[in-house]
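The values are calculated or read from the model by the stated rules, or taken from the named source; none is laboratory data. What you are looking at is a predicted structure, and each value in this text was computed from that prediction instead of being measured. With ideal geometry, Cβ positions are generated from the backbone for all residues, glycine too; neighbour counts draw on all protein chains shown.
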Amino acid sequence: MNARTYWENRYNGDRRWKGTPNPLLVATVSGEKPGRALDLGCGEGGDAVWLAREGWQVTAVDIAESALRRTIEHAEANGVHVTTERHDLGETFPGGPFDLINAQYLLTPFDFDRAAALREAAGALAQGGLLLIVDHGSLHPWSTAPADTYFPTPQEVYDGLGLDPSRWQPERLEAPQREAKGPNGQIATVTDTVVAVRSRA
């Protein structure tokens with residue numbers, strides 16, 4: 001099975017998420033002036049639709065057409081417009097510039113040069129634009145991942161992008177904790193990795 005088939009199957013069944021935005025996106029972006037936004041790996045469109053409701057002109061990207069259909073349906077149900085584009089980010093990238101690029105849990109079990117895609121995202125920022133990267137920073141107790149899974153620190157994620165400090169500035173390198181709910185109602189404290197990078201030029 002290839003990556004596209006895997007993600008198509010994932011979003012072809014029942015709706016997976018509640019349709020609400022990721023809290024770290026809301027907390028980070030609420031003070032930003034709306035402009036052009038790009039949501040990478042949009043899934044069912046929770047983040048994209050929230051951004052559109054906040055006045056952003058949103059392009060939502062996913063490898064799976066089924067995810068993009070879910071995003072359009074969610075946008076229509078909320079009375080907003082979201083532009084969707086299908087991209088395998090290892091091969092193609094949307095044309096910029098963007099004032100905000102949102103990359104929430106942009107992870108896949110398939111080979112994917114994520115750092116290269118995120119460097120391309122940084123390069124697609126308008127002057128003063130913000131790239132927000134949020135990753136898992138710890139295992140959920142109900143996770144099927146190996147117990148010794150290594151999670152890079154925020155600094156390691158940022159350093160791995162190899163960005164020129166004369167062109168981009170890190171604004172946030174943090175590992176906040178939050179409560180998460182498992183599939184059977186379990187509650188646990190987990191860690192996120194947050195990297196926010198601002199374009200200087």
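Would you say residue 44 is surrounded by 19 or more Cβ atoms within 10 Å (Cβ to Cβ) and at negative phi? Answer is yes for this residue. Within the stretch 67-88, identify whether any single residue is surrounded by fewer than 24 Cβ atoms within 10 Å (Cβ to Cβ), of a type outside the set (Ser, Thr, Tyr), in contact with a helix residue (DSSP H, G or I) (Cβ under 9 Å, 6 or more places away or on another chain) and within 27 Å of residue 155 (Cα to Cα), and answer yes or no. So far as the stretch 67-88 goes, yes, one or more of its residues are surrounded by fewer than 24 Cβ atoms within 10 Å (Cβ to Cβ), of a type outside the set (Ser, Thr, Tyr), in contact with a helix residue (DSSP H, G or I) (Cβ under 9 Å, 6 or more places away or on another chain) and within 27 Å of residue 155 (Cα to Cα). Looking across the stretch 122-161, just one residue is of a type in the set (Ser, Thr, Tyr) and crowded, with 20+ Cβ neighbours inside 10 Å, and that is 158. Close Cβ contacts (under 6 Å, 6 or more residues apart or on different chains) running from residues in the stretch 174-201 that are assigned to a loop (DSSP other than H, G, I, E, B) to residues that are of a type in the set (Gly, Ala, Ser) and crowded, with 16+ Cβ neighbours inside 10 Å comprise 175/137.
The lone criterion from (1) in contact with a Leu (Cβ under 7 Å, 6 or more places away or on another chain); (2) modelled with pLDDT of 90 or more left unmet by residue 145 is number (2). Across the stretch 16-41, the qualifying residues are those that are basic (Lys, Arg) and over 16 Å from residue 85 (Cα atoms), and the one among them that is surrounded by the most Cβ atoms within 10 Å (Cβ to Cβ) is 16.
Candidates in the stretch 87-112 are the residues that are aliphatic (A, V, I, L, M) and within 18 Å of residue 194 (Cα to Cα); of these, the one that is modelled with the lowest pLDDT is 107.
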